[in-house]
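A.B. asks: Encoded as structure tokens, here's the structure I'll be asking about.
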Amino acid sequence: MTIKQEIQDASSYIQDQVGEFRPEIGLILGSGLGVLAEEIESPVQIPYSDIPNFPVSTVEGHAGQFVFGTLNGKTVAAMQGRFHFYEGYSMDKVTFPVRVMKELGIHHVIVTNAAGGINEEFQPGDLMVIADHINNFGTNPLIGPNSNEFGPRFPDMSTAYSLELQHLAQDTAKELGMKLQSGVYVGNTGPTYETPAEVRMLRTLGGDAVGMSTVPEVIIARHAGMDVLGISCISNMAAGILDQPLHHDEVIETTEKVKANFLLLVKTIVSKMG
Ligand code: HPA
């Protein structure tokens, strides 16, 4: 089966479940941030395991389902849990849901993640709008023959993260009296956290935060011509900055603490999206 057919099968299965419902905005919810999907009204939950050709998520803190419904008056399709390259999925699998979103008619994608703070002005619990990224995966999801029906062979990445949506996020944060950092997200494969030397290198290279996701999905979304907003929750300072080891429990704990702010920010942004 071609990837195009796989996408169409997944999309028509979903369409059968949701009927006439047409999502406008896609939400990809990162570690500990899946709670946003619980705010969706008239939810239709579709476990990934029911969707043809979908991989199944394994990592702690990821429920593994799509939630369709309405959020602050906008129709959304939220991914509660995503697929990571470090889990052993191919780049095609990691990015498959984004292609399905496009097939469902979605034009705007909000990508969220938990990330380690590289910028020493950041604090655990800060939210950061992603201004740009550095693909440090050592590979690219578009390697291989290009399907012109999906997008161009050499996609422009000069505004990978919509300036308009970044401004909307900043204006919304200001209105809500919330601090919102802005910075460059570095995508690493993981699953190891970085060494302190790697964190210093990434800082020298211009990174403000580091994580193990987002970059592949954003590349595929941009290839498909979708507008992207990225928001990181700085769950910890990256290795070597504070005198303490890193642990996934800390990542989940911090995201728990900022959950309320994160939910309010994203929901308010969604309500104002065109
Ligand atoms: N490094 C990489 N990924 C992460 C981190 C980190 O410090 N925190 C949360 N995800």
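The values are calculated or read from the model by the stated rules, or taken from the named source; none is laboratory data. Everything numeric here is computed off the predicted structure, so don't read it as measured data. In this analysis, Cβ positions are derived from the backbone assuming ideal geometry, glycine residues included, and neighbour counts consider all displayed protein chains. All accessible areas refer to the heavy atoms of the entire protein, side chains included, with ligands and DNA or RNA removed. Shrake-Rupley method; radii C 1.70, N 1.55, O 1.52, S 1.80 Å.
A.B. asks: Within region 120-151, count every residue that is open to solvent by 40 Å² or more (accessible area, probe 1.4 Å) and within 14 Å of the ligand (Cβ to nearest atom).
C.D. replies: Total satisfying the criteria: 5.
A.B. asks: Still on this model: Could you tell me which numbered condition Gly211 fails, if it satisfies all but one of (1) surrounded by fewer than 24 Cβ atoms within 10 Å (Cβ to Cβ); (2) within 20 Å of Gly32 (Cβ to Cβ); (3) of a type in the set (Gly, Ala, Ser)?
C.D. replies: Every listed condition holds for Gly211 apart from (1).
A.B. asks: Evaluate region 93-106: report whether one residue or more is in a strand (DSSP E or B), within 16 Å of the ligand (Cβ to nearest atom), at pLDDT 95 or above and hydrophobic (A, V, I, L, M, F, W, C).
C.D. replies: Looking only at region 93-106, we keep the residues that are in a strand (DSSP E or B), and these are none.
No: region 93-106 contains no residue that is in a strand (DSSP E or B), within 16 Å of the ligand (Cβ to nearest atom), at pLDDT 95 or above and hydrophobic (A, V, I, L, M, F, W, C).
A.B. asks: Then there is this: Hey, Glu194 hits all of (1) more than 22 Å from Lys272 (Cα to Cα); (2) acidic (Asp, Glu); (3) open to solvent by 60 Å² or more (accessible area, probe 1.4 Å) but one; which does it fall short on?
C.D. replies: Every condition holds for Glu194 apart from (3).
A.B. asks: OK, next. Do we find that Lys174 is without any contact (Cβ under 8 Å) to a residue 40 or more places away in the chain, more than 13 Å from the ligand (Cβ to nearest atom) and not hydroxyl-bearing (Ser, Thr, Tyr) in this structure?
C.D. replies: Working: without any contact (Cβ under 8 Å) to a residue 40 or more places away in the chain: yes; more than 13 Å from the ligand (Cβ to nearest atom): yes; not hydroxyl-bearing (Ser, Thr, Tyr): yes.
Taking the combined requirement at face value, the residue satisfies it.
A.B. asks: Here's another thing I want to ask about it. Tell me which residues, restricted to region 218-260, are at pLDDT 95 or above, under 21 Å from Asp208 (Cα atoms) and more than 12 Å from the ligand (Cβ to nearest atom).
C.D. replies: Residues satisfying the conditions are Val218, Ile219, Val228, Leu229, Gly230, Ile231.
A.B. asks: Hey, Thr70 hits all of (1) away from the ligand (no atom under 16 Å from the Cβ); (2) in a strand (DSSP E or B); (3) open to solvent by less than 10 Å² (accessible area, probe 1.4 Å) but one; which does it fall short on?
C.D. replies: So the condition that Thr70 fails would be (3).
A.B. asks: Here is a follow-up. Could you check region 1-38 and list, in sequence order, the residues that are under 22 Å from the mean Cα position of the chain (by Cα), surrounded by fewer than 16 Cβ atoms within 10 Å (Cβ to Cβ) and over 21 Å from His107 (Cα atoms)?
C.D. replies: Glu38
A.B. asks: When only residues in region 110-119 that are more than 12 Å from the chain's Cα centre (by Cα) and of a type outside the set (Val, Ile, Thr) count, which is farthest from the ligand (Cβ to nearest atom)?
C.D. replies: Within region 110-119, the first condition is being more than 12 Å from the chain's Cα centre (by Cα), and the residues that meet it are 116-119.
Imposing the further condition that a residue be of a type outside the set (Val, Ile, Thr) reduces the set to 116-117, 119.
Values: Gly116: 2, Gly117: 8, Asn119: 12 Å.
Selected residue: Asn119.
A.B. asks: Out of Phe96, Phe85, Phe54, which single residue is closer than 25 Å to Asn140 by Cα and open to solvent by 50 Å² or more (accessible area, probe 1.4 Å)? Can you show your working first?
C.D. replies: Numbers: Phe96 fails: open to solvent by 50 Å² or more (accessible area, probe 1.4 Å); Phe54 fails: open to solvent by 50 Å² or more (accessible area, probe 1.4 Å).
Being closer than 25 Å to Asn140 by Cα and open to solvent by 50 Å² or more (accessible area, probe 1.4 Å) holds for just one of Phe96, Phe85, Phe54, which is Phe85.
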